[in-house]
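As structure tokens, the structure follows; a few thoughts come after it.
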Amino acid sequence: MTSKASFRITYDGPALETHEMDARDLAGALFALGDLCTAAGQVLYGDSAKIEVKVKASFRESSFSIDLALLHSWISSLIDMLNSKDSVASANALVFLDALGFLPEGGLVGLLRRLRGRKITSIEDQDNTMKIITLDDGEKLEEKRETVDLCRDISTRKELSKMLEPLDKEGIDEFRVGQDGNIMSIKKEEYPYFRYIPGDESLLENEYEMRFEIVSPVFQKRLKWKFSDGNSTFYADILDENFWKNVEEGNESFSIKDILICRVRLVQSMQDDKLKAKYQILKVIEHLKTLKPQKLPFKKPE
């Protein structure tokens, strides 16, 4: 079953008063729009749906506008599984546009506008539909799960940035998208909030308890300890202040192969298109000493 929604994108500014736009800028933006919808569809629906963007015939004489159609096709087995009604399926294309933020206020565009370039330091589940985002200045935002998923997807962020690249050109001051009076607008001065800059992008963050074998202890807070999990070695920060207090007061001593039972945070990220893993030990629950061989008390013969 396929649902369809029509929408219009517009680039506006003094450079477009003649209703002409550089073909290379236009082609790059349209390709990025198509790739954006494909990437976002994969995040939200996996292989269960196919998202297509088609250019409609009319080019509007309003700055530089293009009418498009978004087609959202569900596989029939998924429709059967969810027992979806036709009225629900017909709304899927609009729901998808809303998730992207191509309708006013919400979705991915709305979240990036609220972030204003600030970094996300942690993401927590509130319930099955909502997440709590903590920013680097301490502010907390409540967001839909699918919006957060789109924000964390590198492909989606890259293509959104490419689609908005014409705003970086002199004389192009605004991008608009929407339908039937529901128009979302991004001004030139807001473009930095949406620009994707390759860097350390958080992909996954989990906390759990685990046993680590000490390979190389370091008695300075800012330096990482080397551990083994039984399969591989890695470096980790120890953030437990009580643990460091015991070390500084001489209440802890360590040997190679000692075991620490820890509450650990694993953060996976993409840095310069390479997958990275960072371990942080939040709490040292127990320190298990290495058992040293003992001499048996044999009595010397008389």
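The values are calculated or read from the model by the stated rules, or taken from the named source; none is laboratory data. These numbers come from a predicted model, not from an experiment. Backbone-built Cβ (ideal geometry, glycine too); neighbour counts: all protein chains shown. In case anyone asks, the SASA skips ligands and DNA or RNA and just uses the protein heavy atoms, side chains included. Shrake-Rupley method; radii C 1.70, N 1.55, O 1.52, S 1.80 Å.
Inside the range 208-245, residues that are at pLDDT 90 or above and farther than 22 Å from VAL267 by Cα make up a count of 3.
Yes or no: the range 44-51 includes at least one residue that is within 18 Å of SER161 (Cβ to Cβ) and open to solvent by 70 Å² or more (accessible area, probe 1.4 Å). There is no residue in the range 44-51 that is within 18 Å of SER161 (Cβ to Cβ) and open to solvent by 70 Å² or more (accessible area, probe 1.4 Å).
Scanning the range 226-284 for residues that are in contact with a Ser or Thr (Cβ under 6 Å, 6 or more places away or on another chain), assigned to a loop (DSSP other than H, G, I, E, B) and either open to solvent by 20 Å² or more (accessible area, probe 1.4 Å) or under 28 Å from GLU124 (Cα atoms) (or both) returns SER255, LYS257. For the range 67-83, the condition holds for at least one residue, the condition being that it is within 23 Å of ASP173 (Cβ to Cβ) and at pLDDT below 90.
Of PHE96, PHE59, PHE102, PHE64, all but one fail to be among the aromatic types (Phe, Trp, Tyr), open to solvent by 40 Å² or more (accessible area, probe 1.4 Å) and either within 30 Å of ASP173 (Cβ to Cβ) or at pLDDT 60 or above (or both); the exception is PHE59. Kindly indicate whether any position in the range 122-129 is among the aliphatic types (A, V, I, L, M) and over 15 Å from the mean Cα position of the chain (by Cα). No, there is no match, as no residue in the range 122-129 is among the aliphatic types (A, V, I, L, M) and over 15 Å from the mean Cα position of the chain (by Cα). I'm checking my understanding of the structure. Among residues of the range 180-202 that are modelled with pLDDT of 80 or more and either hydroxyl-bearing (Ser, Thr, Tyr) or farther than 17 Å from TYR11 by Cβ (or both), which one is surrounded by the fewest Cβ atoms within 10 Å (Cβ to Cβ)? Of everything passing the filter in the range 180-202, PRO192 is surrounded by the fewest Cβ atoms within 10 Å (Cβ to Cβ).
The single condition among (1) open to solvent by 20 Å² or more (accessible area, probe 1.4 Å); (2) of a type outside the set (Lys, Arg); (3) within 19 Å of ILE66 (Cβ to Cβ) that VAL177 does not satisfy is (1).
Looking across the range 153-168, the residues that are surrounded by fewer than 18 Cβ atoms within 10 Å (Cβ to Cβ) and modelled with pLDDT under 90 come down to ILE154, SER155. Identify, from the list ASP173, ASP229, ASP258, the residue that is over 20 Å from THR290 (Cα atoms) and not small (Gly, Ala, Ser). Exactly one residue qualifies, and that residue is ASP173. Evaluation of ARG157 against the conditions (1) among the basic types (Lys, Arg); (2) touching a Cys at 6+ places or on another chain (Cβ under 8 Å); (3) more than 21 Å from ASP35 (Cα to Cα) shows that the sole unmet condition is (3).
Considering (1) at pLDDT 80 or above; (2) closer than 19 Å to ASP180 by Cβ; (3) within 27 Å of the chain's Cα centre (by Cα), the lone condition that GLY28 does not fulfil carries the number (2).
Determine whether ILE120 is modelled with pLDDT under 90, loosely packed, with under 12 Cβ neighbours inside 10 Å and among the hydrophobic types (A, V, I, L, M, F, W, C). Against the criterion (modelled with pLDDT under 90, loosely packed, with under 12 Cβ neighbours inside 10 Å and among the hydrophobic types (A, V, I, L, M, F, W, C)), ILE120 does not qualify.
Of all residue pairs spaced 6 or more apart or on separate chains, those with beta-carbon atoms under 7 Å, a first member in the range 223-243 that is under 15 Å from ARG211 (Cα atoms) and a second member that is basic (Lys, Arg) and in a strand (DSSP E or B) are THR233/LYS226; TYR235/LYS226.
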